[in-house]
Amino acid sequence: MGDAQWWQHAVGYQIYPQSFLDTNNDGIGDLAGIQQQIDYLKTLRVDFVWVSSFYPSGDVDNGYDVMKYRGVAPQFGTLADFDRLVAALHAADIKIVIDLALNHTSSDHPWFKAALADPTSTYHDYYIWQPTTLDVAPNNWESVFGGSAWTYHAASQAAYLHTFARKQPDLNWENPAVRREMSDIIQWWADRGVDGFRLDGVTHLKKQADFADVAAPRTDYYRDFTGVTTYLADLKPVLQRNHLFTIGEAGGIDMPTAQRWLDPDTGFFDLLLEFDHVHYWENAEPKLPIAALRQNLTRWQLALADKGWNALFIENHDLPRAVSYYGNPVDYRRRSAKALGLWYLLMKGTPFIYQGQELGLPNARFDSIDDYRDLDSRLYYRSQRAKGVSESKILEQLAAKSRDNARTPFPWNDEPNGGFSEHQPWIQPTQVVERINVERESHDPYSVFTFYRQLIQLKKTVPTLQKGRYELIDTKDDQLYVYRRTYNGDNWLIVVNMSNEAATTQEFDLNPSEMIVTNMRVDAASDETQIQPWEARLYHLRKLE
């Protein structure tokens, strides 16, 4: 592969900066903390880091309500700190990808302040307005966070649209000036040495032009993916001329659009983060529907086999911890965390690891709504209480689903606050830092961390596990996920029991073969015809004739 496709044989690591490492002991992680732990990233063998939003913001949605696109929020450091971080990462041969929120700004952004101050100003058309009165919403559109997606402004005699929080007004991408502003911002960061962008919320940009009521008020008004193409085309020149690695956050995207957007000649992105496979945790089912998961992921693997490249992930800052929603954090935490790693990381595509995933961190389990910082979680709590749902029931739901589960401080050691900070952190640490932390995991040959390092090494050194064809072996059960990777006659088999009960391997042939990796201790491994709960195996089979 040429260097232009370096990301196809790379492993990424997402960093949530306020929770990674606090170097000035104010309780908030910072850019200097990332720089201080570059050796850790090297030890894990990652090739690029995606640093979540660190811009100055109104802090309504944890940095995704941007007040200034060309800057660093003071709690994270300075632009000089950012420049030093870029230089240090590049010296370690690690690339850096940063977030860019495209759909909205903060209501405290100078553009929006100017729009409010003067309805005739140029900046008023940077946002989306509809004439109305105080008591009448323009239509039935709803915010993702609940309630109307419109807020009335008396001086304008109109309401502005906010797909998310009231203090996150949507940008008007129909306005070419907005697209030019975003292109200029991308160029400014490219000049500072960033290697790529994760473009946030790209499937939200095109709004229904007639502003009519819709059948599904929280989603239907921004489902025009064809309309987004015009906007992305205006960004493409600045992305191409700077050779920027481009990741699109594309929740709800359909397959034909994904194929078009990922086309190496005519598309806009190198990778898309789609969320089909990470919505199963939202259901009330007591167990993960493995058969549906197999079908879903296989559909994406086959659809992008020749028309793009898959982004592989099971955690990020907007999801609960994978071992808690896919695995079994109580009875098989370590084993299921390893099984999940082997299952997803060895598929065809570029793997992303979210900080703490490589340790097998479970959900946070906060005891009170006061412990939550996530706007979405707090709004959900208030709305459910208003409906008469008991506090204990809501807290049980948030313990499983809240985004704050993945935003707790990263545990470096078993010291107070996990070595993250000597100050009270901005959010409580997960309650397991004394037994799950980097210091313990990195010295344990059977740890989740050690297992991840082994998987990453295999992914990087075995051509078949990089670019080989994916083939599902459908076991027609709701326990096993089995697939093959093949390349030039080389044949590897991944077998994972994603359930709490033993399963049989009688549906597929394991002979002749050599088991290369298992998440079980050798003396505890089961025989070839039975696979234990959350057992995972990687086989190297003989070459196909």
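The values are calculated or read from the model by the stated rules, or taken from the named source; none is laboratory data. Just so it is clear, the structure is predicted and the values come from calculations on it, not from any experiment. Don't worry about glycine lacking a Cβ; one is built from the backbone with ideal geometry, like all the others, and counts go over all protein chains shown.
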Breaking point among (1) of a type outside the set (D, E); (2) within 25 Å of F269 (Cβ to Cβ); (3) surrounded by fewer than 19 Cβ atoms within 10 Å (Cβ to Cβ), for L85 | (3)
Of the candidates A212, A250, the one satisfying the condition of being in contact with an Asp or Glu (Cβ under 6 Å, 6 or more places away or on another chain), touching a residue at least 24 places away in the same chain (Cβ under 8 Å) and small (G, A, S) is A250
Candidate set from region 385-434 (those that are in a loop (DSSP other than H, G, I, E, B) and among the charged types (D, E, K, R)); member that is modelled with the lowest pLDDT = E434
Flag for Q36 being surrounded by fewer than 18 Cβ atoms within 10 Å (Cβ to Cβ), assigned by TED's automatic domain parsing to the domain that holds L100 and within 23 Å of K467 (Cβ to Cβ) | no
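In region 192-223, which residue that is acidic (D, E) and under 19 Å from W129 (Cβ atoms) is surrounded by the most Cβ atoms within 10 Å (Cβ to Cβ)?
D213
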Within region 367-382, considering residues that are at pLDDT 90 or above, assigned to a helix (DSSP H, G or I) and charged (D, E, K, R), the one surrounded by the fewest Cβ atoms within 10 Å (Cβ to Cβ) = D370
Of the residues L100, L41, which single one is under 21 Å from the mean Cα position of the chain (by Cα), in a helix (DSSP H, G or I) and closer than 28 Å to L272 by Cβ?
-> L41
So, in region 123-163, of the ones that are charged (D, E, K, R) and in contact (Cβ under 8 Å) with a residue 12 or more places away in the chain, which residue ends up surrounded by the fewest Cβ atoms within 10 Å (Cβ to Cβ)?
-> D125
Can you spot a residue in region 104-126 that is among the hydrophobic types (A, V, I, L, M, F, W, C), in contact with a Pro (Cβ under 8 Å, 6 or more places away or on another chain) and under 30 Å from Q240 (Cα atoms)?
-> yes
Please list, ordered by first then second residue, the pairs with beta carbon atoms under 8 Å, 6 or more apart or interchain, first in region 528-541 and of a type in the set (F, W, Y), second part of a loop (DSSP other than H, G, I, E, B).
-> W534/G327; W534/N328; W534/Y332; W534/M498; W534/S499; W534/N500; W534/N519; Y539/L510
Which of the residues that make up region 237-269 are more than 19 Å from W50 (Cα to Cα), small (G, A, S) and surrounded by fewer than 22 Cβ atoms within 10 Å (Cβ to Cβ)?
-> G252, G267
Please enumerate the residues belonging to region 39-57 that are surrounded by 22 or more Cβ atoms within 10 Å (Cβ to Cβ) and closer than 21 Å to P429 by Cα.
-> V51, S52, S53, F54
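Yes/no matrix, rows are residues, columns are (1) in the same structural domain as H317 (by TED's automatic domain parsing); (2) crowded, with 20+ Cβ neighbours inside 10 Å; (3) within 22 Å of T518 (Cα to Cα); (4) under 23 Å from the mean Cα position of the chain (by Cα):
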{"site": "Q384", "(1), (2), (3), (4)": "no, no, no, no"}
{"site": "V389", "(1), (2), (3), (4)": "no, no, no, no"}
{"site": "K393", "(1), (2), (3), (4)": "no, no, no, no"}
{"site": "D414", "(1), (2), (3), (4)": "yes, no, no, no"}
{"site": "E439", "(1), (2), (3), (4)": "yes, no, no, no"}
{"site": "H443", "(1), (2), (3), (4)": "yes, no, yes, no"}
{"site": "S447", "(1), (2), (3), (4)": "yes, yes, yes, no"}
Which residue pairs have Cβ atoms closer than 7 Å, lie 6 or more positions apart in sequence or on different chains, and pair a first residue in region 459-471 that is under 17 Å from V517 (Cβ atoms) with a second residue that is β-branched (V, I, T)?
-> K459/V11; T464/T486; G468/T486
Residues of region 58-77 being hydroxyl-bearing (S, T, Y) and either under 17 Å from D191 (Cβ atoms) or assigned to a helix (DSSP H, G or I) (or both), in sequence order, are Y69
